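Structure first, commentary second.
What follows draws every value from the coordinates through simple rules; no lab data is involved. Here the structure is a predicted model, which is why all the values come from computation and not from measurement. Cβ placement follows ideal geometry from the backbone for every residue including glycine, while neighbour counts extend to all protein chains displayed.
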Amino acid sequence: MYYIGIDLGTSAVKLLLMEESGKICNIVSKEYPLFFPHPGWSEQNPQDWFAQSMEGMKELTKDIDRKEVAGIGFGGQMHGLVTLDENDQVIRPAILWNDGRTQEETEYLNNEIGKNKLSEYTANIAFAGFTAPKILWMKKNEPDKFARIAKIMLPKDYLAYCLSGSFCTDVSDASGMLLLDVKNRCWSKEMMEICGVKEEQLPKLYESWQVVGTLKKSIADELGFSENVKVVAGAGDNAAAAVGTGTVGDGQCNISLGTSGTIFISSKDFGVDENNALHSFCHADGSYHLMGCMLSAASCNKWWAEEILQTKDFAAEQAPINKLGENRVFFLPYLMGERSPHNNPDARGVFFGMSMDSTRADMTQAVLEGVAFGLRDSLEVARSLGIKIERTKICGGGAKSPLWKKIIANVMNLKVDVLEVEEGPSMGGAMLAAVGCDAYPDVETIGKKMAHVVDTVEPEPELVAKYEERYQKFRKLYPAMKDLF
């Protein structure tokens, strides 16, 4: 049998076809537009996601017996607000995770409702990208549209709804809404009251591997699939990527260098850091995880190379870099504001420390190091909780760079395990579908079976010491500039 994983990303939907053994048969990617109607706003049209996902599934399965497809699972961009009216029409474009319009609402939640209460209700505090502040923004700025809301859902859940008719979400993705009581894996009555929404407007909650329904007849007919294809709830992109990299069970770590950058630490036990610098979310394996999320990671390098240097040859730009730990140029990677651990949508990117002999390569190196230092900020929070991490998996587009992996290993003093197959959320979505179809007993089993480590980048003591010194300087830059942003 075959399993499809759909990773609904910010720039494209990536679809993966997997056999029960874990063998990847095909991968297809379909792009769709991103809209910036005002500075700091970021929106997409949910119908574009569905149209491209349908086209992608047709292309993905063109060379197989389509009746052999057994299940579909998802990984998806988190926090986005999708609203439907009573006729299932999309009310307004989806407001995405990297949209910064909700500063007032975020401040209201954190300062007037209070961080302690939010943490008590949801295990998290408000961040500008989360869903609850977006709901409050819509209530205040678009009251007519707000009054029409019949269904509130997250991006990947819109796909599940279109495919199966099931109004559902999973607990890992719902954790990023600031509406979920994470510890008890249920909707928070207090947060619904604060946001002015009713439980019937929110989707039914599932664990990530649970079956939410089967394909609608019209969809099955269009795709040439059986109507018995199971649709599973799926997971938020980071939890799905963690499943795909085998970051399941207790005390496992994964670093993702995608558009955003994350450090993801799985845990059997529920836990919250006292400053809420890390997100405390449900995991797709049925347990919990802590996550630090920086809003710009590989996108910093993309911006630097493509917009500033006017090149797409990333490898050529990195080729001259050979003196690690000695760069005097620093880069603060806050091009879209920052989430973990600073929670400051006004923060911006900064180059610091240039002199007349600073080179193009120094600047490129500073960008790579700045992202690594930013991730280290979140790792330090985890370490302050007594969590001992010695190694990490790595995934995302930035992980294709051997140099960047070496920088990460030495800045963070972690062994970095490189996987044979690294397909992130799309692989995780397919694996969750396989569990939902009973091909595997649970998520931990399939995660450990399919994550094959083929290389490990070891930290070098001399380089670790050099980077420790650089990191201590980096740490002082944000506090020094905070009032200027």
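Only bridges whose two residues both fall in region 2-238 count here: according to DSSP, what percent of them are antiparallel, nearest 5?
On the way: 27 of 41 bridges.
That works out to approximately 65 percent antiparallel.
For K67, the lysines whose Cα comes closer than 30 Å to its Cα, not counting residues fewer than 8 places off in the same chain, are K14, K23, K30, K58, K156, K204, K216, K217, K230, K448, K449.
Among K482, K406, K388, rank each residue by its count of other Cβ atoms within 10 Å, from fewest to most, as a rough exposure measure. Don't jump to the answer; show the numbers that get you there.
Details: K482 12, K406 19, K388 7.
Listed from fewest to most nearby Cβ atoms, that is K388, K482, K406.
Within straight-line reach of K476, meaning a Cα separation under 14 Å, sit the following aspartates and glutamates at least 8 residues removed in sequence or on another chain: D377, E468.
Given the Cα-Cα distance of T311 and E274 and 0.36 nm per residue of separation, how much length would full extension add, in nm?
Numbers: separation 37, 0.36 × 37 = 13.32 nm, distance 4.32 nm.
Residue separation times 0.36 nm, minus the Cα-Cα distance, leaves 9.0 nm.
Panel order for T102, T392, by other beta carbons found within 10 Å of each beta carbon, from fewest to most: T392, T102.
By the scheme Lys and Arg +1, Asp and Glu -1, what is the net charge of all other residues having a beta-carbon under 14 Å from that of E59? Don't skip to the answer; put the middle values down first.
On the way: positive: K14, K30, K58, K62, R66; negative: E31, E55, D63, E222.
It works out to a net charge of +1.
In this entry, region 304-380 is assigned a mean projected area of 5.7 nm², taken as a quarter of its C-alpha convex hull surface.
Rounded to the nearest 10 degrees, the angle from helix 402-412 to the longest Cα principal axis of the chain is 80 degrees. Computing FRET efficiency as 1/(1 + (r/R0)^6) for Q472 and K217, where r is the C-beta to C-beta distance and R0 is 51 Å, gives about 0.25.
Among residues other than D313 whose Cβ falls under 14 Å from its Cβ, what is the net charge (Lys/Arg +1, Asp/Glu -1)? Mind showing how you got there, number by number?
Values: positive: K302, K312, R360, K400; negative: E306, E317.
Once all neighbours under 14 Å are counted, the net charge is +2.
Fully extending the segment from R391 to K449, taken as 0.36 nm per residue of separation minus the present Cα-Cα distance, adds 19.0 nm. With both residues required to sit in the chain, DSSP beta bridges show an antiparallel share near 70%.
Per-residue ellipticity at 222 nm for the chain, helices alone: DSSP H runs ≥ 4 residues times -39500 (n - 2.57), over residue total, nearest 500 deg cm²/dmol?
Values: 17 runs with 168 residues, N = 485.
Helix-only estimate at 222 nm: -10000 deg cm²/dmol.
Residue exposure proxy: L484, L84, L205, ordered by other Cβ atoms within 10 angstrom of their Cβ from fewest to most, comes out as L484, L205, L84.
Debye-formula intensities of region 2-238, expressed as log10 I(q)/I(0) at q = 0.08 Å⁻¹, are -0.29 (one equal scatterer per alpha-carbon, no solvent).
Normalised by the number of residues in the chain, the average gap of Cα pairs under 8 Å and 6 or more apart makes the relative contact order 16 percent.
Extension gain, N87 to M481: 0.36 nm times the residue separation minus the Cα-Cα distance gives 136.9 nm.
Each residue of region 478-485 was assigned a 3J(HN,Hα) from its phi angle through the Karplus curve 6.51 cos²θ - 1.76 cosθ + 1.60 (θ = phi - 60°); the sequence is 4, x, 5, 9, 3, 6, 8, 6 Hz, with glycine and proline shown as x. Would you list, by chain and number, the aspartates and glutamates whose Cα falls below 20 Å from the Cα of K312, excluding same-chain residues fewer than 8 positions away? Partners found: E31, D362, E369.
Expressed as a whole percent, the proportion of Cα-Cα pairs in the chain lying more than 35 Å apart is 28%.
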